[in-house]
Amino acid sequence: MTWNYRLVESKENEESWLEISEVYYDQLGKPLGYCRATVGGENVGEIQTILTLMTQALDKPVVKFKPSTKKEEHSELVSNIEFALESLKAACGIAPKYKILDDGVVYFYMDEK
């Protein structure tokens with residue numbers, strides 16, 4: 001699996017939002033999912049590298065995702081995700097949330113507090 005920073009357009013309730021995200025791809029280059037990108041590192045150089053890669057994302061086509069209306073088609077995917085998230089919670093104490101988007105793309109996120 002590969003990933004890169006990309007501008008992602010998501011749509012909810014007829015409103016569009018652009019955000020630089022980490023987009024993950026299958027072996028054929030089809031986007032599988034995305035998550036919010038963060039900027040951090042062990043030193044200033046690492047942060048500069050991340051910001052450079054994020055800036056390069058502005059020159060690439062926007063990746064578009066929209067919430068799925070086909071929940072019944074994703075029952076096996078939901079089952080697998082929920083099992084994986086329970087394992088993650090047990091092992092690491094974190095519990096991300098997710099949305100299934102059209103074509104089975106999954107967006108993981110953490111609630112902001």
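Points to keep in mind about this one:
- Pick from the stretch 15-53, criterion among the charged types (D, E, K, R) and not in a strand (DSSP E or B), ranking: surrounded by the fewest Cβ atoms within 10 Å (Cβ to Cβ): GLU42
- The criterion of being in contact with a Pro (Cβ under 7 Å, 6 or more places away or on another chain), at pLDDT below 85 and under 23 Å from THR2 (Cβ atoms) does not hold for PHE65.
- Of the residues making up the stretch 3-20, just one is touching an Asp or Glu at 6+ places or on another chain (Cβ under 9 Å) and β-branched (Val, Ile, Thr), namely VAL8.
- Qualifying residue in the stretch 12-30 (condition: without any contact (Cβ under 8 Å) to a residue 24 or more places away in the chain and of a type in the set (Phe, Trp, Tyr)): yes
The values are calculated or read from the model by the stated rules, or taken from the named source; none is laboratory data. What you see is a predicted model, and the numbers here were worked out from it, not measured in a lab. Methodologically, a virtual Cβ is constructed for each residue, glycine included, from the backbone with ideal geometry; neighbour enumeration extends over all protein chains shown.
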